[in-house]
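The structure appears below as structure tokens.
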Amino acid sequence: MCGIAGILSREPGDRDTELRALQVALRHRGPDDQGLWQSTCGQAGLVHTRLAILDLSAAGHQPMLSADGRYALVFNGEIYNFHALRAELEREGVRFQTHTDTEVLLHLYARDGAAMLNRLRGMFAFCLWDSREQVAFLARDPLGIKPLYYAEQGGRLVFASELQALQKAGLASSSLNAGALMRFFSSGSVAEPDTLLKEVQCLPAGHTLVWKAGAVECRSYWQPHFGSDAMELGEAVSLTRAALLDSVQHHFVSDVPVG
């Protein structure tokens, strides 16, 4: 499952106490390892708690840094086509130090930037810090399988895999979003990007968030498209079954038993 969290601030500073509070709050999501990293410029701090699925060794530790130290990444999820992406990068001369999909994300972003998202098949929520540009790039998978919550606080952005992590770390109050609460009572759910907390938003499925010097920009990178062509029932059943079996097969990419 893993847990990710972080603090981005245009005012440099040491945020070790707050970051460790986030880490403790997310410990139940990642019992196998935990990591904390702060940028030398003092603007970014990242936290990770790990549930090891791929490359069970210590090489899979996060936050993971690129070999040149430019990028730092915290990632929750799994990239099902990472073997093919890794092979492609290796043909271009990239050398890998681990057998993780996390490192594939690092190299893919270094090559393609935000366009990398169109190459990914999987479920993910991640934050990548670029120390050269001093910019953070956050993204959530197209169907929103992995959660990512954030709050803007006057030039500062805090984020985490869970609402309660932000609350427990003292980074979000319990003030309710009255409109979202009413929608929950009427429909049983809260539509993105709202949450039940007034000051916290959910990064919508298929969206990115770019943070730089206190400014935030959210963009959609994927939307579902539905064709209008008629289809016979038999063909629809066959295509649906094939898609389901293909999806299940890809979900078995793991270094531990899965069900």
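The values are calculated or read from the model by the stated rules, or taken from the named source; none is laboratory data. Model, not experiment: these values are computed from the prediction. Note that we place each Cβ from the backbone using ideal geometry, even for glycine, and neighbour counts take in every protein chain shown. To get the accessible areas, we keep the full protein, side chains included, count just its heavy atoms, and leave off ligands, DNA and RNA. Shrake-Rupley method; radii C 1.70, N 1.55, O 1.52, S 1.80 Å.
Observations
- For segment 188-259, applying the loop criterion from DSSP together with a ceiling of 13 other beta carbons within 10 Å to the GluC sites (Glu not before Pro) yields Glu232.
- Seen through its C-alpha gyration tensor, with square-root eigenvalues sorted a ≥ b ≥ c, segment 103-244 comes out oblate because a/c lies at 1.5 or above while a/b is not bigger than b/c.
- Most fluctuating residue given options Leu244, Leu196, Leu138, as computed from a GNM of the chain linking Cα atoms under 10 Å: Leu244
- Carbon plus sulfur fraction of accessible area for segment 161-259, probe 1.4 Å, in percent: 59
- The slack between Gln249 and Arg20, meaning 0.36 nm per residue of separation minus the straight C-alpha distance, is 78.7 nm.
- Shape category assigned to segment 95-150 from the gyration tensor of Cα positions, a/c cut at 1.5: oblate
- Euclidean distance between Cα centres, segment 176-253 to segment 74-104, Å: 25
- Cα-centred dipole magnitude for segment 142-240, charges only on beta-carbon of K, R (+1) and D, E (-1), debye, nearest 20: 540
- Shape call, segment 76-181: gyration tensor on alpha carbons, a/c limit 1.5: prolate
- GNM top mover of Leu106, Leu128, Leu176 - the chain, alpha-carbon springs below 10 Å: Leu176
- For the residues Ser247, Ser186, a 1.4 Å probe over the protein chains yields an accessible-area ranking, largest first, of Ser186, Ser247.
- Sorting His83, His225 on solvent-accessible area from highest to lowest, probe radius 1.4 Å, gives His225, His83.
- Solvent accessible area, Å² - Lys198, 1.4 Å probe, full protein context: 140
- Note on Ser220: accessible area approximately 60 square angstrom, rounded to 10, probe 1.4 Å, nucleic acids and ligands left out.
- Dipole magnitude for the chain: computed about the Cα centre from +1 point charges on Lys and Arg Cβ and -1 point charges on Asp and Glu Cβ, it is near 480 debye.
- Other residues lying with their Cβ under 13 Å from the Cβ of Leu196 contribute a combined charge of -2, Lys and Arg counting +1, Asp and Glu -1.
- Projected label distance in nm at Ala87 and Glu152, using a 7 Å step from Cα toward the beta-carbon: 4.4
- Ordered from longest to shortest, the equivalent ellipsoid semi-axes for segment 1-159 are 24, 17, 15 Å, each the square root of 5 times a Cα gyration tensor eigenvalue.
- Of all aspartates and glutamates in the structure, the ones whose alpha carbon falls short of 14 Å from that of Lys212, not counting any fewer than 8 places away in one chain, are Glu11, Asp130, Glu133, Glu152.
- Ser57 versus Met231: modelled label distance in nm, points set 7 Å from Cα along the beta carbon direction: 4.4
- Of Thr40, Thr49, Thr102, the one that fluctuates the most in a GNM where the chain has Cα springs shorter than 10 Å: Thr40
- Kirkwood hydrodynamic radius of segment 2-41, Cα pairs, Å: 11.0
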